[in-house]
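One structure is given below, encoded as structure tokens.
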Amino acid sequence: MKEWWVHVGLICIPLVAVYLHIPPPHLSPALQKWHSAGEVFHFRGREIFYRDSSGALGSSDVIILLHGFPTSSFDWNKIWEPLTQRFHRVIALDFLGFGFSDKPRPHKYSIFEQASVVEALAAHLGLSHQRVNVMSHDYGDTVALELLYRSDQNRTGHLTFNSLCLSNGGLFPETHYPRLLQRLLKDSSFLAPVLTRLTNYMLFQKGIGDVFGPYTQPTDAEFWDMWTGLRHNDGNLVLDSILQFINQRSKHRERWVGALTSTFVPLHMIYGPLDPVNPHPQFIRLYQKLVQRSTITILDEHISHYPQLEDPTGFLNAYFNFIHSF
């Protein structure tokens, strides 16, 4: 057929165009319930989603939960109710660019800005002068360290820590091993716009599944909820911008690791040792060497990068043992 490739191209172009503009999936009942229980506040003209649940009577304790990359506050759903039975208020947010919060583009996402988002939320909720407990995971660990630096080091912080519990975050660039797609997205200005549009559910499921343990894999529904949260407001298109946090961790290592090693705030690390991103034993040995004031819980050997989802009971037991120790 004469110029057959023209006909093929005419067929393929609209198909590719449709593929690249697939609408985000609908919210599952579980995600819809989570979303309906939350609210938004405005930070520099952007909407930030958060949840603020009242819990235990007779307690004034507050806990703020900081989620990881590339997911959202829904990461805490398995331990939410038990936390409300212990704390007077349980608060979580979706960072800018994540979950149900706005995902502006182009935008220079940074750990510094996310820390300011948390401080603004604390002010919005009337917590600027109250001591709060912070629990964090992955990306949220680094945001917590910036908040800790502001509170301890330069006295500009608007969050006062009562305690800090970290979990499976890339605190040390030398023991942090990002996934291949993460490395491509953070370093390739040419490929990134293409890769973010080509990211689909199958690639996402494979990538997330690789950082869960073989016996603690999410269900199909849980994978789909994570993907839905990412795709909400076209969040896949800002992954490359958000992933600059990996470069920021290296650039500001002294600031954030210094805050961690010098603080007198009660510290605890809950660690899933099968984590390929922060592998055992290198990560935990360095943590023990540098952060000698911290207590540590290493969970069962089959628990990986998302301990609060893979072993919520073990995670909670470790946390409650910590919080009741001081």
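The values are calculated or read from the model by the stated rules, or taken from the named source; none is laboratory data. Computed from a prediction, not measured in an experiment: that's the story for all the values here. Ideal geometry is used to build each Cβ from the backbone, glycine not excepted, and the neighbour counts take in all protein chains shown. In case anyone asks, the SASA skips ligands and DNA or RNA and just uses the protein heavy atoms, side chains included. Shrake-Rupley method; radii C 1.70, N 1.55, O 1.52, S 1.80 Å.
Some values worked out for this structure:
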{"item": "Unsatisfied cross-links (Cα-Cα over 32 Å) in the set LYS103/LYS289; LYS206/LYS289; LYS78/LYS103; LYS108/LYS206; LYS33/LYS251", "result": "LYS103/LYS289; LYS206/LYS289; LYS33/LYS251"}
{"item": "Carbon/sulfur fraction of accessible area - the range 219-326, other protein chains in place, 1.4 Å, %", "result": "51"}
{"item": "Apportionment of accessible area to carbon and sulfur, the range 80-172, percent (1.4 Å)", "result": "46"}
{"item": "Computed P(r) (all Cα pairs; the chain; 20 Å bins; percent)", "result": "32, 58, 8, 2, 0"}
{"item": "Probe 1.4 Å, accessible area per residue of the chain, Å²", "result": "46"}
{"item": "Sequence ranges 157-169, 132-144, 217-229, 201-213, ranked by mean other-Cβ count within 10 angstrom, highest first", "result": "132-144, 157-169, 217-229, 201-213"}
{"item": "Neighbour net charge for VAL291 - beta-carbon separation under 13 angstrom, K R +1, D E -1", "result": "+2"}
{"item": "Antiparallel DSSP beta bridges within the chain, as percent of all bridges there, nearest 5", "result": "30"}
{"item": "For the range 57-213: span of alpha carbons on each principal axis (Å, largest first)", "result": "52, 35, 31"}
{"item": "Reduced Cα scattering model of the range 248-312, Debye log10 I(q)/I(0), q = 0.15, 0.17 Å⁻¹", "result": "-0.52, -0.66"}
{"item": "Which of PHE322, TYR201, HIS302, positive extreme of dipole for the range 199-326 (C-beta unit charges)", "result": "PHE322"}
{"item": "For ASN168, net neighbour charge (Lys/Arg +1, Asp/Glu -1) across residues whose Cβ lies under 9 Å away", "result": "-3"}
{"item": "By average C-beta atoms within 10 angstrom, highest first, the peptides 91-100, 110-119, 316-325", "result": "91-100, 110-119, 316-325"}
{"item": "Cα-based shape type of the range 60-137, given that a ≥ b ≥ c are square roots of the gyration tensor eigenvalues and the cut on a/c is 1.5", "result": "oblate"}
{"item": "Tensor-based shape of the range 83-125 (alpha-carbon gyration tensor, a/c under 1.5 rounded, otherwise prolate or oblate)", "result": "prolate"}
{"item": "Share of alpha-carbon pairs per 10 Å distance bin for the range 195-326, given as whole %", "result": "11, 31, 36, 21, 2"}
{"item": "Under the span-like rule (Cα at least 15 Å along the axis, Kyte-Doolittle mean at least 1.0), DSSP H helices of the chain", "result": "4-20"}
{"item": "Relative contact order (%) - the chain, alpha-carbon pairs under 8 angstrom, separation at least six", "result": "19"}
{"item": "Gained length - ARG183 relative to SER28, 0.36 nm times residue gap less alpha-carbon distance", "result": "52.7 nm"}
{"item": "Inter-centroid distance (Cα atoms) of the range 255-326 relative to the range 126-161, Å", "result": "17"}
{"item": "Relative contact order (%) - the range 96-211, alpha-carbon pairs under 8 angstrom, separation at least six", "result": "20"}
{"item": "Dipole magnitude of the range 223-326 about its Cα centre (Cβ charges: Lys, Arg +1; Asp, Glu -1), debye to nearest 20", "result": "620"}
